[in-house]
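What follows is a single structure, written as structure tokens, with notes after it.
Every number in this text was worked out from the coordinates using simple rules, so none of it is lab data. Small disclaimer: the values here were computed from a predicted structure and weren't measured. Here the Cβ positions follow ideal geometry from the backbone for every residue, glycine too, while neighbour counts run over all protein chains shown.
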Amino acid sequence: MPPTTAPGAAEVARVQLPGAHAGLPGSEIELPVVIGSEDEHAVDVGRLRDRSGYITLDPGFGNTAACKSAITYIDGEEGILRYRGYPIEELAESSSFVEVAMLLIFGELPSKERLERFRGMLTDEQLLHEGMRYHFEGFPSHGHPMAMLSAMINACGCYHPELLSSEMDEERLLRATATLMSKVCTIAAFSYKMTMGRRMEYPDPSLSYCRNFLHMMFSKPHRRYEPPLQVVRALTKFLILHADHEQNCSTSTVRMVGSSGANVFASVSSGVCALWGPLHGGANMAVIEMLQQIHAGGDDPRTVVAKVKDKKFRLMGFGHRVYKNFDPRAKILEQTCSELLDVLGVSDPLLDIARELAGIALTDDYFLERKLYPNVDFYSGIILRTIGIPLNMYTVMFSIGRVPGWIAHWYELFRDPDRRIARPRQVYVGSGKRPYVPMDARG
Ligand code: SDX
């Protein structure tokens, strides 16, 4: 066990590099080791190429840290997830989404005064500029809500030029955060109403963040929607559990875009696009489609598991690049699912199928050997389905939850004195130099 040193201090790693490549002397070089506050050890290869001519190759970055960050800590082996040191289980049980957003972005749980002031800013920012209505009308009714969300976030930035400035102090960041967090709810709800051909329900400043979103989504001109408390709590937990997850694909995208100096609206909009993919945020939709397909076909879950093992079927909502024992969020969401269905007095055959699949998979060597367990998406879709969120908006809901995390990482990068534009290298495997061939000589 190497001697442990204080977090951030450095040890040294000795790396033997063969001299196979002409011009590269076989050599042993010493590289600094950086140790994180949870004893994560990283070899700092920032000077590797200068000093040896070698670069590193790590497709998918499974072994590569892109940055140092103090926002979220995940221990995949132990199933630990903490936001700024606070265990996700305690935040999901006791906090509010707005409070968690401030914790992620500013690093501390807010005082009552700061929280109330921020809530007021969220209320002030609920409305969209009336000019944005024309953008909604320009989308086809079958337009995907994720495409609309990404486009409208950037459109929103056009109405707030003062928040696109590169001079971002804490007050301006508070305003940008309130604007983005509040308006993504209004954009999502307005997109839904527009695609349904229904009148848009304007925000109600007397309502909390989650209640206001549910109002804009489900109230009708003749009947105001009053959500049961359990629905509000389930949505709150859903958003808290999705608020951040360190350097996942979409957050890394936000940091990549932000590293060029792009403003927070453009960076968050790029995060929405990355999250859309079915291997990332799109998995919550894919899980429900999978469960519906199993339910409609009357397939025995054991038959489904057999297809997975034959590699004829991917079990959406299972597996994770980091969690190798369990995703703590999945545990909380499964319990939230049960509570919600119990309180509402409804049952959902998809939850029964999900539980049966999980029960079989979690005792099967194929899954155990590959460390495949339910992830955050396995149960979250059932909660959204029970609340009444349409399937094609599930990843939009993930985006609403993830906005504070994206902003927190954008701001952490923005304030990093060592910030550099992200520009990875490559290992070229294409054709060597060859002369141009005129058309008539090409055969
Ligand atoms: C999220 O990074 C984050 O933090 C993301 C996220 C967040 O909060 O931001 O947590 C949210 O994106 C959760 C993941 C949602 N995606 C899914 O549920 C889609 C289904 N899962 C997978 O496709 C997969 O598990 C990934 C993409 C999540 C992880 O992929 P990896 O780490 O690259 O694993 P892999 O594809 O290399 O698979 C390793 C083995 C393979 O088998 P072998 O070739 O070794 O025999 O496991 C198998 C894979 O075939 N495998 C699966 C599987 N996932 C991996 N087999 C069946 N079903 C699956 N879901």
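Could you give the dipole magnitude of the chain about its Cα centre, charging the beta-carbon of Lys and Arg +1 and that of Asp and Glu -1, in debye to the nearest 20?
Details: 48 positive and 52 negative charges, 287 e Å.
The dipole of the chain has a size of about 1380 debye.
How high is the relative contact order of region 157-301? Use alpha-carbon pairs under 8 Å, at least six apart in sequence, and give a whole percent. Could you put the intermediate results ahead of the total?
Details: 98 pairs, mean separation 24.6, N = 145.
Once divided by the residue count of region 157-301, the mean separation gives 17 percent.
Non-local amide H neighbours of ALA13 (under 5 Å, H modeled in plane, Pro and chain starts lacking H): which ones?
LEU31, VAL33
Which of VAL43, VAL396 has the fewest other C-beta atoms within 10 Å, and how do the rest follow up to the most?
Values: VAL43 17, VAL396 29.
Least to most surrounded, the residues fall as VAL43, VAL396.
Checking the a/c ratio against 1.5 first, then a/b against b/c, what shape does the Cα gyration tensor give for region 326-415? Kindly include the intermediate steps, with their values, before the conclusion.
Details: a/c = 2.58, a/b = 1.29, b/c = 2.01.
It is oblate, given that a/c is not under 1.5 and a/b is not larger than b/c.
For the chain, modelled as a Gaussian network with Cα springs under 10 Å, which listed residue fluctuates most, ILE187, ILE153, ILE35?
Of ILE187, ILE153, ILE35, the most mobile in the Gaussian network model is ILE35.
Treat each spin label as a single point 7 Å out from the Cα along the C-beta direction, and report the GLU90 to ARG223 distance in nm.
That separation, rounded to one decimal, is 4.3 nm.
Apply the a/c threshold of 1.5 to the C-alpha gyration tensor of region 283-387 and tell me whether it is rounded, prolate or oblate. Provide the component values of the computation, followed by the final result.
Numbers: a/c = 1.94, a/b = 1.29, b/c = 1.50.
Here region 283-387 falls in the oblate category.
Treating only the Cβ atoms of Lys and Arg (+1) and Asp and Glu (-1) as charged, compute the dipole magnitude of region 246-394 about its Cα centre; round to the nearest 20 debye. Display every interim value, and only then the final one.
Numbers: 15 positive and 16 negative charges, 120 e Å.
Once rounded to the nearest 20, the dipole reads 580 debye.
Looking at region 337-443, which chymotrypsin sites (Phe, Trp or Tyr not before Pro) are in a loop (DSSP not H, G, I, E or B) and have at most 15 other Cβ atoms within 10 Å?
Details: sites: TYR366, PHE367, PHE378, TYR379, TYR394, PHE398, TRP406, TRP410, TYR411, PHE414, TYR428, TYR436; in loops: TYR428, TYR436.
Filter output for region 337-443: TYR428, TYR436.
Using only Cα atoms, locate the centre of region 109-140 and the centre of region 269-310, then give the distance between them in Å, rounded to an integer.
33 Å
Using a 7 Å offset from the Cα along the Cα-to-Cβ direction at both VAL429 and VAL346, what is the distance between the two label points in nm, to one decimal?
It works out to 4.9 nm between the two label points.
Give me the number: length gained by fully extending SER141 to GLU38, i.e. 0.36 nm times residue separation minus the C-alpha to C-alpha distance, one decimal in nm.
Details: separation 103, 0.36 × 103 = 37.08 nm, distance 4.86 nm.
Working it through step by step, the gained length comes to 32.2 nm.
Once you've got the GNM for the chain with C-alpha springs shorter than 10 Å, pick whichever of SER69, SER259, SER166 has the biggest mean-square fluctuation.
Taking springs between Cα atoms under 10 Å, the residue moving most is SER166.
For the chain, what does the helix formula give at 222 nm: sum of -39500 (n - 2.57) over DSSP H segments with n ≥ 4, over the residue count, nearest 500 deg cm²/dmol?
Values: 18 runs with 219 residues, N = 443.
Calculated at 222 nm, the ellipticity per residue is -15500 deg cm²/dmol.
Would you grab the residues whose amide H sits under 5 Å from the one on PHE318? Only those 5+ places off in sequence or on another chain, please, with H modelled 1.01 Å from N.
Close amide H contacts, sequence-distant or interchain: ASN375.
With each label point set 7 Å from Cα along the Cα-Cβ vector, what nm distance links ARG415 and GLN293?
Here the modelled spin labels are 4.5 nm apart.
Could you point to the residue in VAL427, GLY53, LEU173 farthest towards the positive end of the chain's charge dipole, with +1 and -1 charges on the Cβ of Lys/Arg and Asp/Glu respectively?
Checking the options against the dipole of the chain, the answer is VAL427.
Compute, for region 106-220, the length of the dipole vector about the Cα centre, with Cβ point charges of +1 (Lys, Arg) and -1 (Asp, Glu) only. Units Debye, rounded to 20. Kindly include the intermediate steps, with their values, before the conclusion.
Working: 13 positive and 14 negative charges, 125 e Å.
So the magnitude is around 600 debye.
Which whole-number percentage describes the relative contact order of the chain, with Cα contacts under 8 Å and a sequence gap of 6 or more? The partial results should precede the final answer.
Numbers: 595 pairs, mean separation 80.3, N = 443.
Relative contact order for the chain comes out at 18 percent.
Residues with amide H under 5 Å of SER208's amide H, sequence separation 5 or more or different chain, H placed in the peptide plane at 1.01 Å from N; which?
Close amide H contacts, sequence-distant or interchain: none at all.
Using the structure shown, select from LYS112/LYS324; LYS183/LYS307; LYS68/LYS371; LYS193/LYS237 the pairs with a Cα to Cα distance greater than 32 angstrom.
Numbers: LYS112/LYS324 38 Å; LYS183/LYS307 43 Å; LYS68/LYS371 27 Å; LYS193/LYS237 24 Å.
Distance filter (> 32 Å) returns LYS112/LYS324; LYS183/LYS307.
Mind jotting down the distance between the C-alpha centroids of region 173-228 and region 362-384, whole Å?
32 Å
Which one of VAL403, TRP276, ASN248 is farthest out on the positive end of the charge dipole of the chain, using unit charges on Cβ (Lys, Arg +1; Asp, Glu -1) and the Cα centre as origin?
Going by the Cα projections, it comes out as TRP276.
So between GLU77 and LEU115, what do we pick up on full extension, going 0.36 nm a residue minus the alpha carbon distance?
Details: separation 38, 0.36 × 38 = 13.68 nm, distance 3.43 nm.
Gain on extension, GLU77 to LEU115, equals 10.2 nm.
List the GluC sites (Glu not before Pro) within region 116-171 that fall in a DSSP loop (any state other than H, G, I, E or B) and whose Cβ has at most 16 other Cβ atoms within 10 Å.
Details: sites: GLU116, GLU125, GLU130, GLU137, GLU162, GLU167, GLU170, GLU171; in loops: GLU125, GLU167.
Passing sites in region 116-171 are GLU167.
I want to verify a result. In a Gaussian network model of the chain, Cα cutoff 10 Å, which of these has the top mean-square fluctuation: VAL304, VAL376, VAL232?
VAL304
Work out the P(r) tail for the chain: percent of alpha carbon pairs separated by more than 43 Å, whole number.
On the way: 19730 of 97903 pairs.
Distances greater than 43 Å cover 20 percent of the Cα pairs.
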